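First up is the structure itself, then whatever we jot down about it.
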Amino acid sequence: QVQLVESGGGLVQAGGSLRLSCTASTVFTINLMGWYRQAPGKERELVAVIAKIGYTNYADSVKDRFTISRDNAKKTVYLQMNSLKPEDTAVYYCNANLRGSDHWGQGTQVTVSS
């Protein structure tokens, strides 16, 4: 069983920055951790993922603006979001894939005003 606790969302003006954090409570090693987001009326979409060895993958819409990183010792994944745009407004969910099963955080709201 994996519990994910997120923090760091909020309201920011366009062009601003936010940093999201997500810590996993588990005794197991998690290979893939990542962030997804869901805007009102839209499907949940991948933002970025990172493997334990550091491999990363980003959605095209956030490349060069967002950076995902992780601290394996703390079982924590971070998402540094720079140059935020109104279209980045969504609920951001932390994800951990453990032995093929997806686990989700409760979500944190990110709102970018124009």
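For the stretch 73-110, residues that are open to solvent by 50 Å² or more (accessible area, probe 1.4 Å) and either within 15 Å of Gly15 (Cα to Cα) or free of Cβ contacts under 8 Å to residues at least 40 places away in the same chain (or both) total 10.
A quick yes/no check of all residues on (1) under 14 Å from Leu32 (Cα atoms); (2) not hydroxyl-bearing (Ser, Thr, Tyr):
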| residue | (1), (2) |
| --- | --- |
| Arg70 | yes, yes |
| Val77 | yes, yes |
| Glu87 | no, yes |
| Tyr92 | no, no |
| Ala96 | yes, yes |
| Arg99 | yes, yes |
| Gly107 | no, yes |
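Restricting attention to the stretch 1-42, the residues being in contact (Cβ under 8 Å) with a residue 12 or more places away in the chain, closer than 15 Å to Ala73 by Cβ and exposed (fewer than 14 other Cβ atoms within 10 Å of the Cβ) number 3. Picking from residues in the stretch 47-57 that are exposed (fewer than 15 other Cβ atoms within 10 Å of the Cβ) and not β-branched (Val, Ile, Thr), the one that is nearest to Met33 (Cα to Cα) is Lys52. The single condition among (1) under 11 Å from the mean Cα position of the chain (by Cα); (2) touching a residue at least 40 places away in the same chain (Cβ under 8 Å) that Ile50 does not meet is (2). For the stretch 58-72, taking the residues that are touching a residue at least 24 places away in the same chain (Cβ under 8 Å) and in a strand (DSSP E or B), the one that is least open to solvent (accessible area, probe 1.4 Å) is identified as Ile68.
The values are calculated or read from the model by the stated rules, or taken from the named source; none is laboratory data. Since the structure is predicted, the reported quantities are computational estimates derived from the model, not experimental observations. We place every Cβ from the backbone using ideal geometry, glycine too, and count neighbours over all the protein chains shown. Accessible surface is based on the protein model in full, side chains and every heavy atom, while ligands, DNA and RNA are left aside. Shrake-Rupley method; radii C 1.70, N 1.55, O 1.52, S 1.80 Å.
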